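Trainee: Take a look at the following structure, please.
The values are calculated or read from the model by the stated rules, or taken from the named source; none is laboratory data. Note that the coordinates shown come from a computational prediction; the quantities given were computed from them, not determined experimentally. Cβ coordinates were reconstructed from backbone atoms using ideal geometry, including for glycine residues, and neighbour counts include every protein chain displayed.
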């Protein structure tokens, strides 16, 4: 984190260790609490195999009456049948009760091992212990973020302040990483809080639109989890009527910035990664087509290993675009790696391979810019390189 | 290779070292020659960025008058502009001439570095030297296969004999691997020869159908190359009229068997691979849907690393199916790993993790069988595990 982040007004949080994770120096249960009913909306995994907490939250949102988000790491409560559904509801009930709220005012998030049942006694004790520690300090906010970490190496918190209709409001979000590891099915989770006043319908649209441009534009390994969830809570504690018009537009823009910051932080902390790769695709007929090409390049193990090896391998990048399923004229394609033109109008250009290679090797960030000649739409996609450490983390935990 | 393979009647071949590859103990140029005009058909990469030899062969096939296939490894003649197109045509002309055939009777295949021009002097000398060595022995056949190897560790040759309309015919094919490495863009190449008589139209349909069920059902890294090509040459040297009816069906079945054998040999020899993974998907509404799920599971780095780590991680497999984009009821899903039921009706079952883990660890072949409850269609897909060696081979060649 580059600077201290604060809760929006009316929000508190805390995180504790309940004994689900093996390391007692880590946290594995968190609460976020609004002191008043908040608008609560969510965007959820599209995986057909979805976890019990996703089903539970989906059934409650959008809502005008959310007070609590209860989160645990270590057990994902996925593929757990009817008992998993009952456990998710019970987790909401006990966490809500500990905070003076009802089960229907409480959303739940879980991440960790799949196919295992929630350890309900630990969850109950964790909820009570966490509720007793609630605070609105930056340290408490960091504890909330730490409570949902799995293979993340750093807590992920981002925030923005903005003035809407003359009132200072804050948008603050936490997230955890997307990569999947060990027997765990880790997950992309994020909760964004704001003290702005916004209607549930506008909040739902704003969040859905922001997710498309942010969390849906990242991948570590292309594997979509059963638990992926992004929640937005807006409690209106900054005062005023729900934002409309220009203020709503300004809020949407700020929400998108926070989502982009959080989304980028995930591949930046990808398992074993040594590079954060930004793939920009320009000159497309539609944004959808640009995204499809960006995702195909970002998911290519050959592109990801090339960047890891500081190899300016334009062939792998251009050929990945070629099989993305988007029609384009390959003779109008340009490619820049870290700002250096390596491929122009469908043909490699003479370039200083050593210079481009060093620019990859010596920077954690790599920028690939692919330009087609089909239109004016563009998209950006973030991913990591693929390293031997990724394979070790994901394969060798048994040995 | 488990046994000796033979050319079909009327075919010869040879392979030589021309100096394109660095190691003079390897071969880098091959010819296959039919002593009479053969039906020649092809199935080509769907990558929009396709190499000059693909464009050249596409322009000539289907044909009733093919005599020669000239192949080189080391330089792929891809992304080489107009000069690349002229070089491919010249390679066909000089190789054809060396064998007493015209350019239009000669198909060309290239694999290796992309963005580099063919070393035409070496290609010309190679064609002359190879034509002087043509033979119809198993050793010559192996040399042909060796001449197109890049990162392959073994030459890939498979064959079948069958009696059609009372005549013994042979179907013999060679292939090279699909993985992509170093500055090379390696490629899946295959040439299948038969002395059966078959019309060009029937040959084209037979090959296209066989490729869908074989070469299109494998992946090493999901990256489709610019040069992928499968050719079928049928010279009718076994005698008789072009096959029809039951004999045609028998030929098609045999061609499919040879294609499946060759296709499987590619991931079996995948870069750094320690496991050949067969993914079977049953109980689907359509074969297309089964294939889509099979490919998604096979391309998941998390599934591939799990198998590498001998981890019976049903969650990664089931959740990969869940994001394949095919609708199904997750509560009707069963999964078997190496014949052992680990997941039934959407819920993990109690199983001996150690036993399943050992069954993965102690065998090069891993069988994943996913059963949906949506219909009666099925598909099979082959892939490799993902290892740290794969990353090293593809990233670290500069260091």
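Trainee: Of the residues that sit in region A:67-104 and are closer than 27 Å to residue B:334 by Cβ and part of a loop (DSSP other than H, G, I, E, B), which one is farthest from the other protein chains (Cβ to nearest Cβ)? Walk me through how you get there before you give the answer.
Mentor: Taking region A:67-104 first, the residues closer than 27 Å to residue B:334 by Cβ are A:75-88.
From what is left, the residues that are part of a loop (DSSP other than H, G, I, E, B) are A:76-80.
Values: A:76: 9, A:77: 12, A:78: 7, A:79: 6, A:80: 8 Å.
Applying the filter and picking the extreme gives A:77.
Trainee: Could you go through region A:128-135 and let me know if any residue there is in contact with a strand residue (DSSP E or B) (Cβ under 9 Å, 6 or more places away or on another chain), modelled with pLDDT of 95 or more and part of a strand (DSSP E or B).
Mentor: Residues of region A:128-135 in contact with a strand residue (DSSP E or B) (Cβ under 9 Å, 6 or more places away or on another chain): A:129-135.
From what is left, the residues that are modelled with pLDDT of 95 or more are A:129-135.
Subsequent filtering for residues that are part of a strand (DSSP E or B) retains A:135.
Yes: one or more hits.
Trainee: May I pose another question? Exactly one of (1) surrounded by fewer than 24 Cβ atoms within 10 Å (Cβ to Cβ); (2) outside any loop (DSSP other than H, G, I, E, B) is unmet by residue B:242. Its number?
Mentor: (2)
Trainee: Next up: Taking region A:22-50 on its own, how many of its residues are in contact (Cβ under 8 Å) with a residue 60 or more places away in the chain and farther than 30 Å from residue A:239 by Cα?
Mentor: Looking only at that region, the number is 9.
Trainee: Out of B:211, B:191, report the one residue that is within 17 Å of residue B:8 (Cβ to Cβ) and under 11 Å from the mean Cα position of the chain (by Cα).
Mentor: On the way: B:211 fails: within 17 Å of residue B:8 (Cβ to Cβ).
The conditions single out B:191.
Trainee: A further question on this structure: If I go through region B:105-127 residue by residue, how many of them are in contact with a helix residue (DSSP H, G or I) (Cβ under 8 Å, 6 or more places away or on another chain) and closer than 25 Å to residue B:228 by Cβ?
Mentor: As a first pass, look at region B:105-127 and keep what is in contact with a helix residue (DSSP H, G or I) (Cβ under 8 Å, 6 or more places away or on another chain): B:105-110, B:114-115, B:117-118, B:120, B:123-124, B:127.
Within this subset, residues satisfying the condition of being closer than 25 Å to residue B:228 by Cβ are B:105-110, B:114-115, B:117-118, B:120, B:123, B:127.
Final tally of qualifying residues: 13.
Trainee: Among B:277, B:307, which is within 20 Å of the chain's Cα centre (by Cα) and either not assigned by TED's automatic domain parsing to the domain that holds residue B:108 or not in a helix (DSSP H, G or I) (or both)?
Mentor: Result: B:277 is the single residue among B:277, B:307 that is within 20 Å of the chain's Cα centre (by Cα) and either not assigned by TED's automatic domain parsing to the domain that holds residue B:108 or not in a helix (DSSP H, G or I) (or both).
Trainee: In addition: What do you reckon, is residue B:111 within 26 Å of the chain's Cα centre (by Cα), at pLDDT 95 or above and buried (at least 20 other Cβ atoms within 10 Å of the Cβ)?
Mentor: So residue B:111 does not fit the description; no.
Trainee: Considering (1) in contact with a strand residue (DSSP E or B) (Cβ under 7 Å, 6 or more places away or on another chain); (2) within 14 Å of chain A (Cβ to nearest Cβ); (3) farther than 30 Å from residue A:52 by Cβ, say which one residue B:266 fails and leave the rest.
Mentor: Only one criterion is unmet by residue B:266, namely (2).
Trainee: Give A:45, A:130 a once-over and let me know the one that is within 14 Å of chain B (Cβ to nearest Cβ) and in contact with a helix residue (DSSP H, G or I) (Cβ under 8 Å, 6 or more places away or on another chain). Before you say what the answer is, go through the steps one by one.
Mentor: Working: A:130 fails: within 14 Å of chain B (Cβ to nearest Cβ).
It is A:45.
Trainee: Working only within region A:285-304, note down all residues that are away from chain B (no Cβ under 12 Å) and either part of a helix (DSSP H, G or I) or modelled with pLDDT under 90 (or both).
Mentor: Within region A:285-304, A:287, A:288, A:289, A:290, A:291, A:292, A:294, A:295, A:298 qualify.
Trainee: Now a separate question. May I ask you to list the residues in region A:202-222 that are out of contact with any strand residue (DSSP E or B) (no Cβ under 6 Å at 6 or more places or on another chain), assigned to a loop (DSSP other than H, G, I, E, B) and either crowded, with 24+ Cβ neighbours inside 10 Å or more than 14 Å from chain B (Cβ to nearest Cβ) (or both)?
Mentor: A:214, A:221 - these are the residues of region A:202-222 that are out of contact with any strand residue (DSSP E or B) (no Cβ under 6 Å at 6 or more places or on another chain), assigned to a loop (DSSP other than H, G, I, E, B) and either crowded, with 24+ Cβ neighbours inside 10 Å or more than 14 Å from chain B (Cβ to nearest Cβ) (or both).
Trainee: When you check residue B:318 against the structure, is it under 29 Å from the mean Cα position of the chain (by Cα) and in contact (Cβ under 8 Å) with a residue 40 or more places away in the chain, yes or no?
Mentor: yes
Trainee: Considering each of B:383, B:376 in turn, give the residue that is over 30 Å from residue A:85 (Cα atoms), outside the structural domain of residue B:216 (by TED's automatic domain parsing) and under 24 Å from the mean Cα position of the chain (by Cα).
Mentor: B:383
Trainee: Also, I was wondering about something else. Condition first: touching a helix residue (DSSP H, G or I) at 6+ places or on another chain (Cβ under 9 Å) and either surrounded by fewer than 23 Cβ atoms within 10 Å (Cβ to Cβ) or in a loop (DSSP other than H, G, I, E, B) (or both). Now tell me which residues in region A:188-198 satisfy that.
Mentor: A:188, A:196, A:198
Trainee: Among the residues of region B:337-355, write down those that are buried (at least 22 other Cβ atoms within 10 Å of the Cβ) and within 24 Å of residue B:268 (Cα to Cα).
Mentor: Across region B:337-355, the qualifying residue is only B:337.
Trainee: Let me ask another. Here are some residues: B:57, B:28. Which one is within 19 Å of the chain's Cα centre (by Cα), assigned by TED's automatic domain parsing to the domain that holds residue B:84 and farther than 21 Å from residue B:211 by Cα?
Mentor: Of B:57, B:28, the one residue that is within 19 Å of the chain's Cα centre (by Cα), assigned by TED's automatic domain parsing to the domain that holds residue B:84 and farther than 21 Å from residue B:211 by Cα is B:28.
Trainee: Quick check, is residue B:256 farther than 23 Å from residue B:361 by Cα, more than 14 Å from chain A (Cβ to nearest Cβ), crowded, with 24+ Cβ neighbours inside 10 Å and modelled with pLDDT of 95 or more?
Mentor: Values: farther than 23 Å from residue B:361 by Cα: yes; more than 14 Å from chain A (Cβ to nearest Cβ): yes; crowded, with 24+ Cβ neighbours inside 10 Å: no; modelled with pLDDT of 95 or more: yes.
No, not satisfied.
Trainee: Now for a separate question. Of all residues in region A:252-274 being outside any helix (DSSP H, G or I) and in contact with a helix residue (DSSP H, G or I) (Cβ under 9 Å, 6 or more places away or on another chain), which is farthest from residue A:149 (Cα to Cα)? Working first, answer last.
Mentor: Taking region A:252-274 first, the residues outside any helix (DSSP H, G or I) are A:269-274.
From what's left, in contact with a helix residue (DSSP H, G or I) (Cβ under 9 Å, 6 or more places away or on another chain): A:270-274.
Numbers: A:270: 12, A:271: 13, A:272: 16, A:273: 17, A:274: 20 Å.
Per the stated criteria, the residue is A:274.
Trainee: Just to be sure I understand the filter: pairs with C-beta atoms under 7 Å, separated by 6 or more residues or on different chains, first member in region A:345-359 and more than 9 Å from chain B (Cβ to nearest Cβ), second member at pLDDT below 90. Which pairs pass?
Mentor: As it stands, the answer is none, since no pair meets every condition given.
Trainee: While we're on this one: Would you pick out the residues in region B:42-66 that are crowded, with 24+ Cβ neighbours inside 10 Å and in a strand (DSSP E or B)?
Mentor: B:42, B:66
Trainee: Just checking, how many residues over region B:327-336 are facing chain A (nearest Cβ under 7 Å) and surrounded by 24 or more Cβ atoms within 10 Å (Cβ to Cβ)?
Mentor: Adding up the residues that qualify gives 0.
Trainee: So, one more: Quick check: anything in region B:378-391 farther than 24 Å from residue A:296 by Cα, surrounded by 24 or more Cβ atoms within 10 Å (Cβ to Cβ) and facing another protein chain (nearest Cβ under 10 Å)?
Mentor: Looking through region B:378-391, none of the residues is farther than 24 Å from residue A:296 by Cα, surrounded by 24 or more Cβ atoms within 10 Å (Cβ to Cβ) and facing another protein chain (nearest Cβ under 10 Å).
Trainee: Looking at the structure I just gave you, is residue B:230 under 25 Å from the mean Cα position of the chain (by Cα) and either in contact (Cβ under 8 Å) with a residue 60 or more places away in the chain or more than 14 Å from chain A (Cβ to nearest Cβ) (or both)?
Mentor: Working: under 25 Å from the mean Cα position of the chain (by Cα): yes; either in contact (Cβ under 8 Å) with a residue 60 or more places away in the chain or more than 14 Å from chain A (Cβ to nearest Cβ) (or both): yes.
Yes; evaluated as a whole, the condition is true for this residue.
Trainee: Hey, among the residues in region B:310-326 that are facing chain A (nearest Cβ under 7 Å) and in a loop (DSSP other than H, G, I, E, B), which one's surrounded by the fewest Cβ atoms within 10 Å (Cβ to Cβ)?
Mentor: Going through the qualifying residues, I end up with B:323.
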